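Just below is one structure, and these are the notes that go with it.
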Amino acid sequence: SEAILSSGNKAAADLTYRGEIILNRNFGHDPEGSNERAICAYADPTFVEHLQARLWELRPDGEGPMVFVSTDFAAWPGYLPTSIPDGPAVGWIGRPVEVTDEPIAVAVDDDIDQTIAIVGSDESLAIPVVDGLTRTLATSLQAQRVILIDLTAPTQDSAGHAIRATLDKLAADGVPILRYGRDNACEGLAGSVRSALDAADGTTLVVGLGWQRWTGLDDAHPVDPEDEDNFGTFALRDILEELAQRGALKGVFLVAWWTRMRSLQDQLGYSYQGVRHFVTVKMGLEDYRSLTSHSQPAIEGYPRVGHIDKAEDGDPTIVVPFAAGVNPS
């Protein structure tokens with residue numbers, strides 16, 4: 001009822017008889033003043049069958065009818081986003097709660113503070129979101145490399161199956177993939193990510209999983225381990241902050257998943273410096289309202305995530321994530 005009418009309009013949930021309808025004359029809003037309960041006109045089954053066949057024939061390119069199933073992950077369109085010269089790149093999260101072929105897109109540009117942070121405890125939502133953003137951003141950015149740093153398990157080859165499938169598809173398309181697990185994550189951040197930031201020699205997409213598990217961010221590392229006379233050091237926190245806040249200026253973009261807001265805050269500061277887009281995946285109400293407003297209702301239903309753009313003042317967008325492991329081309 002609320003998906004079709006509007007938030008708070010639950011009148012359709014009370015319909016009991018076949019043929020009963022709710023007509024709302026105010027775009028689904030103002031249930032008390034604008035809802036009308038009625039009985040729909042009888043439609044002869046033979047007439048409806050012929051009408052359906054005719055409407056199918058009129059659809060462009062032989063496309064099938066669109067159906068919104070409230071408990072399913074969103075179906076992928078049959079295409080991927082394209083790169084726009086001198087324009088922002090876009091990554092897709094999923095579809096809105098409506099019948100449409102237009103995906104919910106997030107835009108990132110060569111500017112400061114372009115990080116996309118997925119935050120929340122539900123891995124079954126986080127992995128599809130990371131999967132979809134990885135595939136679409138790598139395409140839209142025309143990424144020359146993808147660096148995966150996966151802290152969800154102790155072995156290097158520990159990324160979720162859906163992420164591996166997407167990275168394998170990118171590799172087959174000619175995009176080099178660098179993969180790091182929990183055992184060599186520091187090497188990935190201090191080596192490959194730092195090199196990409198220093199060189200600024202093309203577009204790099206950094207994908208993080210389970211980043212609440214970072215340890216030793218303040219440990220000192222030599223700037224040049226092979227130069228015994230160089231006593232300069234750096235901390236991994238410096239690289240992480242540079243990546244999140246100014247990476248996009250150098251062509252290095254970050255998409256990462258943290259299970260807790262506190263971990264994100266500990267790593268990037270109280271105001272989450274560097275993050276432009278938040279995607280919430282089953283957050284506690286207090287954390288969710290810290291990103292939105294004190295009266296913002298929790299997201300209900302599954303699968304559902306919320307998108308918050310810090311560059312805008314609007315309410316969160318409720319999104320149905322794309323099904324993971326599907327790579328349209």
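The values are calculated or read from the model by the stated rules, or taken from the named source; none is laboratory data. Bear in mind the structure is a predicted one, so any value in this text is a computation, not a measurement. So basically every Cβ, Gly included, is an ideal-geometry build from the backbone, and we count neighbours across all protein chains shown. Remember, those area values only see protein heavy atoms, side chains included, never the ligands or the DNA or RNA. Shrake-Rupley method; radii C 1.70, N 1.55, O 1.52, S 1.80 Å.
Report, for the chain, the % of DSSP beta bridges that are antiparallel, rounded to 5. Mind dumping the intermediate values first?
Numbers: 23 of 48 bridges.
Roughly 50 percent of the DSSP beta bridges within the chain come out antiparallel.
How high is the relative contact order of the chain? Use alpha-carbon pairs under 8 Å, at least six apart in sequence, and give a whole percent. Don't skip to the answer; put the middle values down first.
Values: 627 pairs, mean separation 71.4, N = 329.
Here the relative contact order equals 22 percent.
Relative contact order for the range 1-70: what percent, with Cα pairs under 8 Å and sequence separation of 6 or more? Mind dumping the intermediate values first?
Values: 58 pairs, mean separation 14.6, N = 70.
Relative contact order here is 21 percent.
If the chain between V67 and I84 were fully stretched, how many nm would it gain, using 0.36 nm times the residue separation less the Cα-Cα distance?
Answer, rounded to one decimal: 3.1 nm.
Given a 1.4 angstrom probe, I'd like the percentage of the accessible area of the range 252-329 that is carbon and sulfur, rounded to a whole number. Could you put the intermediate results ahead of the total?
Details: 1700 of 3730 Å².
Its accessible area is 46 percent carbon and sulfur atoms.
What list of ³J(HN,Hα) couplings, whole Hz, do you get for the range 168-184 from phi and the Karplus terms 6.51, -1.76, 1.60, once you set θ to phi - 60° and write x for glycine and proline?
These are the phi-based 3J(HN,Hα) values: 5, 5, 5, 4, 5, 7, x, 8, x, 10, 10, 10, 10, x, 5, 6, 9 Hz.
Taking 7 Å along the Cα-to-C-beta vector as the label spot, tell me the S293-N26 distance in nanometres, rounded to one decimal.
In this crude label model, S293 to N26 measures out at 1.8 nm.
Provide T136, T203, T82 ordered by accessible surface of protein heavy atoms (probe 1.4 Å), highest first.
Ranked from most to least accessible, the order is T82, T203, T136.
Calculate the spin-label point distance for A200 paired with I39, positioning each point 7 Å from the Cα along the beta-carbon direction, and give it in nanometres.
7.3
Tell me the net charge near G8. Cut-off is 11 Å between Cβ atoms, G8 excluded, with +1 for each Lys or Arg and -1 for each Asp or Glu.
Its environment carries a net charge of -2.
With label points built 7 Å along Cα→Cβ from the Cα atoms of R213 and T46, find their separation and express it in nm.
Simple spin-label model gives 6.6 nm for this pair.
Would you mind pulling out the separation of the Cα centroids of the range 283-329 and the range 229-274, in Å?
Here the two parts' Cα centres lie 23 Å apart.
How much of the accessible area of the range 1-84, probe 1.4 Å, is carbon plus sulfur, in whole percent? Don't jump to the answer; show the numbers that get you there.
Details: 3750 of 6640 Å².
Within the range 1-84, the accessible surface is 56 percent carbon and sulfur.
By accessible area of protein heavy atoms, probe 1.4 Å, what ranking do H29, H294, H277 get, highest first?
Ranking H29, H294, H277 by accessible area, largest first, yields H294, H29, H277.
Taking K and R as +1 and D and E as -1, what net charge do the other residues with C-beta under 9 Å from the C-beta of N24 add up to?
Values: positive: R25; negative: D30, E36.
Residues close to N24 contribute a combined charge of -1.
Just to be sure I understand: of the beta bridges DSSP finds with both ends in the range 202-329, what percent are antiparallel, rounded to 5?
In the range 202-329, DSSP labels about 65 percent of beta bridges as antiparallel.
Which cross-chain or sequence-distant (5 or more) residues have an amide H under 5 Å from the amide H of I118, H modelled 1.01 Å from N in plane?
For I118, the qualifying residues are A256, W257, W258, V279.
Set Lys and Arg Cβ to +1 and Asp and Glu Cβ to -1, take the dipole of the chain about its Cα centre, and tell me which of Y79, A89, N9 lies farthest positive.
Farthest towards the positive end: N9.
Of the listed values [x] 26, 42, 26, 6, 1; [y] 24, 33, 24, 16, 3, 0; [z] 28, 50, 18, 3, 0, identify the label whose number matches P(r) over Cα pairs in 20 Å bins from 0, in percent calculated from this model.
[z]
Provide, for q = 0.11, 0.25, 0.26 Å⁻¹, the log10 of I(q)/I(0) from a solvent-free Debye sum over equal Cα point scatterers in the range 228-309.
-0.39, -1.29, -1.34
Angle check, please: helix 123-140 long axis (alpha carbons) against the longest principal axis of the chain (alpha carbons), in degrees 0 to 90, nearest 10.
In the chain, helix 123-140 runs at an angle near 80 degrees to the longest axis.
With a sphere of radius 12 Å drawn around the Cβ of L51, what net charge do the other residues whose Cβ falls strictly inside it have (Lys, Arg +1; Asp, Glu -1)?
Value of the local net charge: -2.
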